[in-house]
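The values are calculated or read from the model by the stated rules, or taken from the named source; none is laboratory data. Values in this document were obtained by computation on a predicted structure and should not be read as measured data. Every residue, glycine as well, gets a Cβ built from its backbone with ideal geometry; the counts of neighbours run over all protein chains shown. With ligands, DNA and RNA removed, areas are computed over all heavy atoms of the protein, side chains included. Shrake-Rupley method; radii C 1.70, N 1.55, O 1.52, S 1.80 Å.
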Amino acid sequence: MSLSVEDTVADIALADSVSPLEPDASVVLKLTGASTRVGPATWGQLHMLRHLARAGDNAQIFNYHTLLPVPDGCDLRQVLNAVRDVLDRFETLRTTCQPDGDGWRQTVHGDGELAFRLYEAPAERVQGVAERAAEDLSARPFAVGSEWPVRCAVVLTAGRPVVLVVAFSHLALDAGGGLVVQRELSRLLAGGAPQPPPAWQPVDQAEHEQSSAGRELNEQAMAFLRQVLRSAPASMFDFPLGEPVAERAVVLELRSPAAAAANALLADRLRVSTSSVFFAAVAVLLGAYSGRTTTVMHLVANNRTSEPQLSLAANLAMDGVCAVDFAGLSFRQVIRHAFEASIATYLNSQADPSLRWETIGQEGRRLGRYICLGAALNDGRPPASEVEEVGDEPLESLLRRTELIRHHHPFGGGRFYIHAGGTGAQTAFTFIGDALYVPHEAMSRLAYGLERLLVTAVARDIPAAEIPAIAGVQPVRRGPEWVRCPDGWADLAASRELWRTVAGTEAADIYPVAIDGSLHRLVGYLCAPADERSIADLHRDFMAALEKSTAIRTPDWYVRCAEAPVSRTDRGSWAGLPVVAEGHGR
């Protein structure tokens, strides 16, 4: 039986109100004589540092944890030794980051201490205690400049360790890097002998990124980024904001064995990845919500295609920008397009984040609006097919096991993020959003729409005309003051108001000019004889005043007149007035 959102909210709220679990004891592991190094931060570290800064006091949302079973016969000293060997082997677990001029540096520490919380629990409570301990370890942000990015606890039964609990900061390890560390820990706990540190560590990765090979990667990635940005809307969120709410973070977890099975079946039939099927469905849903047939969003790329990056314990994951135009396409055609587009993105996502954001800013100034890449997708599932794990139960039967669960988390920034994790019937699709842009009701529709699209597409291909109805997503409403431009929608009233502020006069206005069907270009007029700014200066100042507004757009063409019109009823009011200067200002 499916749980309703209202039923689940009470359950999760009760669980969240439980106080932290007090450990029964603690022990401190001391490490001395390990490698010490200092170097520039890697691109992956810079990327995560930006996310941590945006999250502020809620940066713990970028922590994650793992529970590792301790084999029989392994005592507490052996557990501590295994962790010591892993700390010695992987420098990322002993690395802190400090500001360095306009950038950041990483410092690898050779000496330090790591405290372990110890919990005693009977066999029947071990799992619950381990999960509580993991939540406690991950509950506060790491101090990136002074604290090692790892925390540990051990759950014991009758004095024998049974579970090792480890929490990591994403600054140190992405999902791939976490698997490298977890496998090594499991091997050591099983009695494996310690191995020497790998030759390639995060400092070596940073040096590679600063080399000529890294510069080539940057150039390739920036060329690809410009290509995508020039073929996509500037934002998926160019619409009126919702009403402020007390709980701004919207977090829904869709547990749908039917959606997981359909995802895998479609990937197998079309010979594409499960990630591309997932991406296609999300692209269609988000496009329908935003009222367009092209979706642009971030795809989290692991950047682990070959050695030495493949087995590097570090954070290499970064956001790549991907756009899919699905106008007139059936859903299975969208899947194939999404597969091709996502592959291209993954191959061009490794780059210096500062250069990336500089390029996005340049493209925004060229367009004349803030480029908001506020939608992101991360598929954290293992690459193996989940079809066998789900089993052969009919999709109609699996649908009865769907659950949509609402979680309560602090707001960590961002407008829309969706994550897929787990395998088989345990797959969970987590939707995270900002209630100002995607309210709870809309997010629920998106979640159920994902399931409907995937399940329906297994039985038959869905023609383009039927996709919105099957998705069941209601598009956002824009008022009469909103006009559609080639790069997205703009709030004309808000754009005019800000233009008058930038121009420093009420004798300024913006008018839409139809160019192709429902699309418009914007023309801005002003009369300010005492203002000596050039057209380029005015455009620069207008762009600066935008800040991060996705509703406002600058004019495509500026016209400075020597006189102000007697009345400003329409664009014709300015016709015939002497023109002092005009241009696009780019």
0 to 90° range, to nearest 10: angle between helix 126-137 axis and the chain longest Cα axis
50 degrees
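In region 190-329, carbon and sulfur make up what percent of the accessible area (probe 1.4 Å)?
51 percent
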On the formula 1/(1 + (r/R0)^6), with r taken between the Cβ atoms of Ala213 and Arg54 and R0 of 30 Å, the FRET efficiency rounded to 0.05 is 0.50
If R0 = 22 Å, then Asp537 and Ser573, at their Cβ-Cβ distance, give a FRET efficiency to the nearest 0.05 of 0.35
Output needed: percent of Cα pairs per 10 Å distance bin for region 290-365, bins running from 0 to the one holding the longest distance.
17, 39, 30, 13, 1
Pull out the extension gain between Ser354 and Arg401, defined as 0.36 nm times the separation in residues minus the alpha carbon to alpha carbon distance; nm, one decimal.
12.4 nm
Binned Cα-Cα distance frequencies in region 81-191 - 10 Å width, integer %:
13, 41, 33, 10, 2, 0
Would you please name the trypsin sites (Lys or Arg not before Pro) within region 136-242 that are DSSP coil residues with at most 16 other C-beta atoms within 10 Å of their C-beta?
Arg230
Taking the square root of 5 times each eigenvalue of the Cα gyration tensor, what semi-axes in Å does the equivalent ellipsoid of region 416-536 have, largest first?
44, 18, 12
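For region 85-189, which whole-number percentage of the solvent-accessible area (1.4 Å probe, protein heavy atoms only) is attributable to carbon and sulfur atoms?
Carbon and sulfur together cover 50 percent of it.
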Counting only the heavy atoms of the protein chains, how much of Asp24 is accessible to a 1.4 Å probe, in Å² to the nearest 10?
110 Å²
Take the alpha carbon atoms of region 284-339, find their center, do the same for region 138-191, and report the distance between the two centers in whole angstrom.
30 Å
Loop-only check: which trypsin sites (Lys or Arg not before Pro) in region 516-557 are DSSP coil with at most 10 other Cβ within 10 angstrom?
Lys548
Keeping all protein chains in place, calculate the accessible area per residue for the chain (probe 1.4 angstrom), answer in Å².
43 Å²
Counting only protein heavy atoms with a 1.4 Å probe and every protein chain in place, the carbon and sulfur fraction of the accessible surface of region 380-489 in whole percent equals 56 percent
Reported to two decimal places, what Rg/Rh ratio describes region 24-152 when computed on Cα atoms with Rh from the Kirkwood expression?
1.00
Given a 1.4 Å probe and the protein chains all in place, what does the accessible area of Tyr448 round to, in Å² to the nearest 10?
70 Å²
How much of the pair distance distribution for region 456-495 lies past 15 Å, counting alpha-carbon pairs only, in percent?
59 percent
Give the separation of the Cα centroids, region 472-501 to region 222-260, in Å.
18 Å
Go through region 393-403 residue by residue and turn each phi into a ³J(HN,Hα) via Karplus (6.51, -1.76, 1.60, θ = phi - 60°); whole Hz please, and just put x for glycine and proline.
5, x, 4, 4, 6, 4, 4, 6, 9, 5, 10
Extended-chain gain in nm, criterion 0.36 nm per residue less alpha-carbon gap, Leu29 and Ala115:
30.3 nm
Distance between modelled label sites at Leu68 and Arg160, nm, 7 Å Cα→Cβ extension
2.0 nm
Karplus-derived HN-Hα couplings along region 167-178 (A = 6.51, B = -1.76, C = 1.60, θ = phi - 60°), whole Hz, x at Gly and Pro:
10, 10, 8, 5, 5, 8, 9, 8, 4, x, x, x
Treating the angle as unsigned and between 0 and 90°, give the value, to the nearest 10°, between the Cα long axis of helix 492-503 and the longest Cα principal axis of the chain.
80 degrees
Could you give the dipole magnitude of the chain about its Cα centre, charging the beta-carbon of Lys and Arg +1 and that of Asp and Glu -1, in debye to the nearest 20?
820 debye
Angle between the Cα long axis of helix 353-367 and the longest principal axis of the chain, 0 to 90 degrees, nearest 10?
20 degrees
Provide the gained length on full extension for the span Asp102 to Ala464, in nm with one decimal, where the gain is 0.36 nm per separating residue minus the Cα-Cα distance.
125.5 nm
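Suppose R0 equals 41 Å. What FRET efficiency, 1/(1 + (r/R0)^6) with r the Cβ-Cβ distance, do Glu563 and Arg366 give to the nearest 0.05? All intermediate terms of the calculation are to be shown ahead of the outcome.
Details: r = 31 Å, r/R0 = 0.76.
With a Förster radius of 41 Å, E is 0.85.
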First obtain the Kirkwood hydrodynamic radius of the chain from its Cα pairs, then insert it into the Stokes-Einstein equation at 20 °C and 1.002 mPa s, and state the resulting D in µm² per second as a whole number.
81 µm²/s
Pair Arg248, Gln227: separation of 7 Å Cα→Cβ label points (nm)
3.7 nm
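Return the loop-located GluC sites (Glu not before Pro) in region 536-586 (DSSP other than H, G, I, E, B) with at most 12 other Cβ atoms within 10 Å of their own Cβ; answer none if there are none.
Sites meeting the loop and neighbour criteria: Glu547.
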Got the relative contact order for the chain handy, in percent, Cα pairs under 8 Å and 6 or more residues apart?
16 percent
